[in-house]
Amino acid sequence: MRFEVLREFDPWKGKLCTCPSKYSLQPYTNCQFGCLYCYATSYIRQPFGPKKNFLERLKRDLRKADRTKIINMSTSSDPYPWVEEKLLLTRRSIDLILKAGFKLLITTKGHLVARDVDLLSMGNSAVMITITTLDETLAKKIEPAAPSPKLRLNALDKLRDERVPFGVRIDPIIPGVNEDFEELLKEVLERGAMHITFSIYKAKPDNLRRMATLFPHLKSMYKRGVKIGGYTYLPNEIRMEIIKKIVKVAEKYRDRYNFTYSFCREGVVTGAPSCDGSHLVSLARSL
C-alpha cells in the first residue's frame, strides 16, 4: 500500500534484523543531535526540519493503515529534537495516532518525551529511551547536541511515575569507549526499565570517519571487520566476546529486576518477546 509519511519498516533487508513487522514514522527530516555514530547521515541528505504538511498527510495515512501493526516513531530521525518544544509536531502526531486506535512505540534520546506522558499514559504506547553512557563528558563528545544523560534519566522517572511502559536502548556499545556499561544498566533498572536493547557499534564510512577522529583505534579495528547488510561489523571474535560479556552482565541482574533484554541486528536471540521493545505496548493498561 502506498503511504505519504508512514513507511513499512525495512532495515535494508538486513539479515540480522529481528524486528517485528511495523510502520516507521519520522515527523522531522534529519536530526539536531549530531551524534558522531549516526548511521542515518549516510542516506539522509536533506537539511533538518519538520516535514511539510506532516499532520494532514499522517491523517490520510492513518485512514488506510493496518491497525494491527505498531507505529514506531522514530527509527532514523529523533522525534524529540529541541524545536519540538515549540512546534509540538510529535505531540500532535501522538494524539492523532492514539485517537485513531493505533499502537505506538517511541524511540528517542529526547527528554521532552516526558512532557507527553498525559497522552502516552492514556493509550496503547511505550517508550524506548537511548542512553549510551552515564559519563556526561563522554556523552557530550559522541552526542554533542543531544540531551544530557541526566535529563534522559529524569525522563525515565516521569514515565515510571505516570505508568508508561518504558525500556532503554544501550546503543551503541563502542569497543574501547563505553564497554563498561554495568553501572548504566543498574541505574536504568533501578528506575524501572522493563526492557533493555543492546547494540554494538556498526560502522558506515561517514560515521567511522567522525568516530575515528576521537577514537583512532576504531579505524584499524573496523578495517578488519565483516560487511553485513551495508554495515561493517566488528571482527567476529571481538564482537562475540562483547556479546558474551553483555549476556553475562544482563543475566546477573535479570532475576532481581525482572526485565527482558535483546540485541539489535546482532543475530542473537534471547527469548525476549521483541527486540525493539514493542512488546511493552501490550503492558500499557496493566501497570
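The values are calculated or read from the model by the stated rules, or taken from the named source; none is laboratory data. The shown structure was predicted, so the numbers you read here are calculated from the model rather than taken from an experiment. Virtual Cβ from ideal backbone geometry, glycine too; neighbours counted across all protein chains shown.
Out of VAL188, VAL177, which single residue is over 20 Å from SER77 (Cα atoms), in a loop (DSSP other than H, G, I, E, B) and at pLDDT 95 or above? Full working, then the answer.
Values: VAL188 fails: in a loop (DSSP other than H, G, I, E, B).
Step by step, each of VAL188, VAL177 is checked, and only VAL177 is over 20 Å from SER77 (Cα atoms), in a loop (DSSP other than H, G, I, E, B) and at pLDDT 95 or above.
Keeping to the stretch 99-111, report how many residues are surrounded by 19 or more Cβ atoms within 10 Å (Cβ to Cβ) and assigned to a helix (DSSP H, G or I).
Taking the stretch 99-111 and keeping what is surrounded by 19 or more Cβ atoms within 10 Å (Cβ to Cβ), we get 102-111.
In the following step, the residues that additionally are assigned to a helix (DSSP H, G or I) were identified as 111.
So the count comes out to 1.
Please verify whether the stretch 74-88 includes one or more residues that are in contact (Cβ under 8 Å) with a residue 40 or more places away in the chain, of a type in the set (D, E, K, R) and not in a helix (DSSP H, G or I).
yes
Here is a check on your reading of the model: is ILE70 surrounded by fewer than 22 Cβ atoms within 10 Å (Cβ to Cβ) and under 19 Å from CYS19 (Cβ atoms)?
Numbers: surrounded by fewer than 22 Cβ atoms within 10 Å (Cβ to Cβ): no; under 19 Å from CYS19 (Cβ atoms): yes.
Spelling it out, it is not the case that ILE70 is surrounded by fewer than 22 Cβ atoms within 10 Å (Cβ to Cβ) and under 19 Å from CYS19 (Cβ atoms).
Out of GLY225, GLY229, report the one residue that is among the small types (Gly, Ala, Ser) and within 23 Å of the chain's Cα centre (by Cα). Steps first, answer last, please.
On the way: GLY225 fails: within 23 Å of the chain's Cα centre (by Cα).
Within the list GLY225, GLY229, the selection yields GLY229.
Looking at SER42, SER76, which one is at pLDDT below 95 and under 22 Å from LEU156 (Cα atoms)? If you could, list the steps in order and put the result at the bottom.
Numbers: SER42 fails: under 22 Å from LEU156 (Cα atoms).
After applying the criteria, what remains is SER76.
Picking from ALA40, ALA114, ALA65, which residue would you name as being buried (at least 16 other Cβ atoms within 10 Å of the Cβ) and farther than 24 Å from HIS279 by Cβ?
The unique qualifying residue is ALA40.
Search the stretch 223-239 for residues being in contact with a helix residue (DSSP H, G or I) (Cβ under 9 Å, 6 or more places away or on another chain) and closer than 15 Å to TYR39 by Cα, and hand back the single one that is surrounded by the fewest Cβ atoms within 10 Å (Cβ to Cβ).
GLY230
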